[in-house]
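Visitor: First, the structure itself, so that you have it in front of you.
The values are calculated or read from the model by the stated rules, or taken from the named source; none is laboratory data. Remember, it's a predicted structure, so these values are computed and weren't measured experimentally. Cβ placement follows ideal geometry from the backbone for every residue including glycine, while neighbour counts extend to all protein chains displayed.
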Amino acid sequence: MRKLPLHPGARGLEDDCAILEIGSETLILTHDSMAEGTHWLPDADPYDIAWKLVASNLSDLASKGAEPIGVLLSHALGRGDDRFVEGLHAILAKYDVPLLGGDTIKADGPRTLGLTAIGRASHIPVPARSWARIGDNVYVTGTLGRAMLGFEGDPAHLEAYNRPVPRLSEGQALALHVGAMMDISDGLLLDAFRMATASEVTLSIDSSKVPVAAPQRRSECLRWGDDYELLFTLPSEVSPPVNCTRIGSVESQGFAPLMLDGNPIVNAEGLGYQH
């Protein structure tokens, strides 16, 4: 798709969102899809499906420090539509995000849902995953692995998997200060690898410093994904304005985009969830 005619705001299709400047306003646009059997199980509560569909898109806006304006929904009608609308209403109301429109269809076979979220930049320039700079420190918000445990049925972490919290306020607070920023949807290690590749640097991460929900399964927590936390870099002289944990540093580009506990990682295979 990168060979198609691209708008400059598409950032080469290598970022989380598109950036569109219209007059004095800068809009942030993102679109995520979810498919039955891939992103949710057949017995999943449609309320939770709606919540996660919106939350995953708002998380992308958060990674750009954006203020949400509204969403457009593509919905394939099927089982539990009333419950889906109930969940949709709950998350849109919680984050004060109106529905702008979209489309509903009747389809046979596994259902596919899509949502476009539109936001307004809170700071210019808009953060990118490609702006990590040598000497920056690497940070992450929250605790990783909670979604994994929730997926496995741990009652203490069910909500982390079913109804994730997009870090909108944190993203807006960070937008003025960060070098690079992106959300962690596919696993810390895979997304760190992507950030390093986009920035043409090496990210050196100390796994023992990463806050995880299951220390005895630390490696899985770093790879599983679905956490929707923010991964970002800050110049060493800047103190982060949000609750977060420093997990590493940005080094000059070597032969490996990622260094984990001093060990070079040159291939993204097995680092996280790829689809």
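Visitor: With the condition kept exactly as written, say whether any residue in region 44-64 is in contact (Cβ under 8 Å) with a residue 12 or more places away in the chain, touching an Asp or Glu at 6+ places or on another chain (Cβ under 6 Å) and aromatic (Phe, Trp, Tyr).
Guide: yes
Visitor: When region 133-165 is examined, which residues are found to be without any contact (Cβ under 8 Å) to a residue 24 or more places away in the chain and assigned to a helix (DSSP H, G or I)? Spell out the reasoning first.
Guide: Filtering region 133-165 for residues without any contact (Cβ under 8 Å) to a residue 24 or more places away in the chain gives 150, 152-156, 158-159.
If the condition is that a residue be without any contact (Cβ under 8 Å) to a residue 24 or more places away in the chain and assigned to a helix (DSSP H, G or I), then 150, 158, 159 are the ones that fit.
Visitor: Name the helices (runs of 4 or more DSSP H) wholly within region 168-268 that hold at least 1 residues that are under 17 Å from residue 62 (Cα atoms) and in the same structural domain as residue 150 (by TED's automatic domain parsing)?
Guide: Details: elements: 168-174, 188-199, 218-223.
In region 168-268, 168-174, 188-199 are the helices (runs of 4 or more DSSP H) which contain 1 or more residues that are under 17 Å from residue 62 (Cα atoms) and in the same structural domain as residue 150 (by TED's automatic domain parsing).
Visitor: So how many residues does region 67-92 have that are assigned to a strand (DSSP E or B) and over 24 Å from residue 175 (Cβ atoms)?
Guide: Within region 67-92, the first condition is being assigned to a strand (DSSP E or B), and the residues that meet it are 67-77.
Adding the requirement that they be over 24 Å from residue 175 (Cβ atoms) leaves 73-77.
Of the residues in that region, 5 qualify.
Visitor: Just a yes or no: is a residue in region 161-171 among the hydrophobic types (A, V, I, L, M, F, W, C) and surrounded by 24 or more Cβ atoms within 10 Å (Cβ to Cβ)?
Guide: Restricting attention to region 161-171, the residues satisfying the condition of being among the hydrophobic types (A, V, I, L, M, F, W, C) are 165, 168.
Imposing the further condition that a residue be surrounded by 24 or more Cβ atoms within 10 Å (Cβ to Cβ) reduces the set to none.
Within region 161-171, not a single residue is among the hydrophobic types (A, V, I, L, M, F, W, C) and surrounded by 24 or more Cβ atoms within 10 Å (Cβ to Cβ).
Visitor: Determine if region 50-63 includes at least one residue that is touching a helix residue (DSSP H, G or I) at 6+ places or on another chain (Cβ under 9 Å), under 19 Å from residue 233 (Cβ atoms), buried (at least 23 other Cβ atoms within 10 Å of the Cβ) and of a type in the set (S, T, N, Q).
Guide: Among the residues of region 50-63, at least one is touching a helix residue (DSSP H, G or I) at 6+ places or on another chain (Cβ under 9 Å), under 19 Å from residue 233 (Cβ atoms), buried (at least 23 other Cβ atoms within 10 Å of the Cβ) and of a type in the set (S, T, N, Q), which makes the answer yes.
Visitor: List pairs: first residue in region 98-113 and basic (Lys, Arg), second residue in a loop (DSSP other than H, G, I, E, B) anywhere in the structure, Cβ distance under 7 angstrom, at least six positions apart or on different chains.
Guide: 111/78
Quick grid of which residues meet (1) touching a Gly at 6+ places or on another chain (Cβ under 9 Å); (2) of a type outside the set (A, V, I, L, M):
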{"site": "2", "(1), (2)": "yes, yes"}
{"site": "6", "(1), (2)": "yes, no"}
{"site": "20", "(1), (2)": "yes, no"}
{"site": "42", "(1), (2)": "no, yes"}
{"site": "48", "(1), (2)": "yes, yes"}
{"site": "58", "(1), (2)": "yes, no"}
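Visitor: Out of 155, 211, 215, 125, I need the residue that is over 14 Å from the mean Cα position of the chain (by Cα) and modelled with pLDDT under 95. Which one?
Guide: Working: 155 fails: modelled with pLDDT under 95; 211 fails: modelled with pLDDT under 95; 215 fails: modelled with pLDDT under 95.
Residue meeting the stated conditions: 125.
Visitor: Further question on the same structure: So is residue 119 over 10 Å from residue 54 (Cβ atoms) and assigned to a strand (DSSP E or B) or not? Give the derivation first.
Guide: Numbers: over 10 Å from residue 54 (Cβ atoms): yes; assigned to a strand (DSSP E or B): yes.
Here the answer is yes, as residue 119 does meet what is asked.
Visitor: Suppose we filter region 250-269 for residues that are on the phi > 0 side of the Ramachandran plot and either surrounded by 13 or more Cβ atoms within 10 Å (Cβ to Cβ) or among the small types (Gly, Ala, Ser) (or both); how many remain? Reasoning before the result, please.
Guide: First pass over region 250-269, keeping only residues on the phi > 0 side of the Ramachandran plot: 261-262.
Next, only the ones that are either surrounded by 13 or more Cβ atoms within 10 Å (Cβ to Cβ) or among the small types (Gly, Ala, Ser) (or both) stay: 262.
Adding up the residues that qualify gives 1.
Visitor: Taking region 179-197, which residues are of a type in the set (A, V, I, L, M, F, W, C) and either modelled with pLDDT of 95 or more or more than 24 Å from residue 241 (Cβ to Cβ) (or both)?
Guide: Scanning region 179-197 gives 180, 181, 182, 188, 189, 190, 192, 193, 195, 196.
Visitor: To continue, here is another question. Determine the pairs where a residue that is farther than 11 Å from residue 145 by Cβ, located within region 211-238, has a partner that is in a strand (DSSP E or B) and acidic (Asp, Glu) with Cβ atoms under 8 Å apart, the partner being 6 or more residues away or on another chain.
Guide: So the pair list comes out as 228/183; 230/183; 231/183.
Visitor: With respect to the numbered conditions (1) outside any loop (DSSP other than H, G, I, E, B); (2) modelled with pLDDT of 75 or more; (3) out of contact with any Ser or Thr (no Cβ under 9 Å at 6 or more places or on another chain), which one is the sole condition not fulfilled by residue 42?
Guide: Result: residue 42 passes all but (1).
Visitor: Still on this model: (1) touching a Ser or Thr at 6+ places or on another chain (Cβ under 9 Å); (2) crowded, with 20+ Cβ neighbours inside 10 Å; (3) of a type outside the set (Phe, Trp, Tyr): which one isn't true of residue 34, the others all being true?
Guide: Every listed condition holds for residue 34 apart from (2).
Visitor: Another question, then. Mind telling me which of the residues 96, 108, 103 ends up being at positive phi and either assigned to a helix (DSSP H, G or I) or not small (Gly, Ala, Ser) (or both)?
Guide: Working: 108 fails: at positive phi; 103 fails: at positive phi.
Selected residue: 96, the only one of 96, 108, 103 that is at positive phi and either assigned to a helix (DSSP H, G or I) or not small (Gly, Ala, Ser) (or both).
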